[in-house]
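My questions will all concern the structure given below.
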Amino acid sequence: MDATIMEFKATEHQHLRYNPLMGEWVLVSPHRMNRPWAGQLESESFETLPEWDPKNPLCPGVRRSNGEVNPNYESTFVFTNDFPAMMEDVPEPPEGNDELFCMAPARGTCRVMCLHPKLNKSIPLMNCDEIEAVIDRWIEEMKTLGAHYKWVQIFENKGQMMGCSNPHPHCQIWASSFFPNEPKIKDEFQRNYFLKHGQALLSDYLEKELNKKERLVCSNEDWVCLVPFWAVWPFETMILPRRKVTRMQDLDASQKRHLAFILRVITTKYDNLFKTSFPYSMGWHGAPTGPEQSEDEHWVFHGMYFPPLLRSATVRKFMVGYEMLAQAQRDLTPEQAARLLRDQPEIHYTLANSKDHS
Ligand code: H2U
């Protein structure tokens, strides 16, 4: 049939979508979901973990590789990474004058944060008080590190597929004197949008998504979780505040409580989707910090989940050839991904028969 007289269907026909936060395009090729897969299969990841392992350096009371013994912590526990990517006192690179060989100083610190004392308690298996304790600790770290550093990046790599080296529920916090690439680009695009429209890009975006509804996954009175229109990873989601807030440290009591609820719901839906401990990298972006604060009205604080799984617990999306050499490409549409996540129950499949849903 002549393509010019065919009606466009986003679920059938390839197209490009624009990411206004990053100024990038993604190629959407939904018809590729039908292709056979004879490539790598990941191993199923719901290993049964004990509550405590004397050999795991993130568990309470266990000796870490630098010889220090962790306290018998009962909630969260933060320590300086024994193998940090950035340190405070290091010599600075020489100032060069060749634009093809630029170097710049990079000061910083890296922390590891255990989210729970028990090795087998990932976020979806925690209760909301425990998740709120995590949020409180994130805020404390943002305040302390944000007083000195331009950018504080909180992130969680979950699962071996995402390069996580330890099954203990933990995240990392890297604080740097410099503004890293990803948030720097978002800063620029949000600022330009604000100058043009007098509104924050992500506030306008959320309002439109709430009307369209097709990419919404779950929500409560303070937060909305959706698959962004421009999502790259198959089941990528974004968490946005209903009331504009620029930084995590500005959340009020209701926003903190409801953030705990929505984190539990989205991570439960993820685990339920393929009946596995769903791997992902996730993290938070808000207005930059540090002693030299500039205006930040254009910023909206938000969270992001980037999970690699595509079709099942064992078939993942690889960002390789075309993505490395040309641009990002995805198979199922963001709307299809949102519907699949939306349809998942809010009770974790391993708890479906228990009374532990607090
Ligand atoms: P990942 O699983 O995302 O790699 O995080 C675990 C971090 O914990 C990792 O950065 C640190 C590693 O350097 N770590 C310590 O600082 N001390 C240890 O004894 C074990 C792991």
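The values are calculated or read from the model by the stated rules, or taken from the named source; none is laboratory data. Source: prediction; values computed, not measured. FYI the Cβ positions are ideal-geometry reconstructions off the backbone, even for glycines, and counts take in every protein chain you see.
Residues GLN172, GLN153: which one is within 13 Å of the ligand (Cβ to nearest atom) and over 24 Å from LYS55 (Cα atoms)?
GLN153
Name the single residue, out of those in the range 30-84 being away from the ligand (no atom under 14 Å from the Cβ), at pLDDT 95 or above and among the hydroxyl-bearing types (Ser, Thr, Tyr), that is surrounded by the most Cβ atoms within 10 Å (Cβ to Cβ).
Ranking the qualifying residues of the range 30-84, first place goes to THR76.
Write out, first by first residue and then by second, each pair whose Cβ atoms fall under 6 Å of each other, whose residues are 6+ apart or on separate chains, and whose first residue, in the range 303-326, is closer than 20 Å to MET282 by Cα while the second is assigned to a loop (DSSP other than H, G, I, E, B) and basic (Lys, Arg).
PRO308/LYS317; LEU310/LYS317
Here's another thing I want to ask about it. Given the conditions (1) within 16 Å of the ligand (Cβ to nearest atom); (2) exposed (fewer than 13 other Cβ atoms within 10 Å of the Cβ); (3) at pLDDT 95 or above; (4) not acidic (Asp, Glu), which single one is not true for MET103?
With respect to (1) within 16 Å of the ligand (Cβ to nearest atom); (2) exposed (fewer than 13 other Cβ atoms within 10 Å of the Cβ); (3) at pLDDT 95 or above; (4) not acidic (Asp, Glu), MET103 is out only on (1).
A further question on this structure: Can you tell which of PHE278, PHE261, PHE229 is of a type in the set (Phe, Trp, Tyr) and assigned to a helix (DSSP H, G or I)?
Every option except PHE261 fails the conditions.
One line per residue, one yes/no per condition, for (1) out of contact with any Phe, Trp or Tyr (no Cβ under 8 Å at 6 or more places or on another chain); (2) over 15 Å from CYS171 (Cβ atoms); (3) of a type in the set (Val, Ile, Thr):
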residue	(1), (2), (3)
VAL90	yes, yes, yes
GLU99	yes, yes, no
CYS102	yes, yes, no
VAL112	no, no, yes
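Just checking, which of GLN249, GLN190 is among the polar types (S, T, N, Q), within 27 Å of LEU115 (Cβ to Cβ) and in a helix (DSSP H, G or I)?
GLN249
Also, quick follow-up: Counting only residues that are within 30 Å of ARG316 (Cα to Cα) and either at pLDDT 95 or above or crowded, with 19+ Cβ neighbours inside 10 Å (or both), how many does the range 235-285 have?
Total meeting the criteria: 33.
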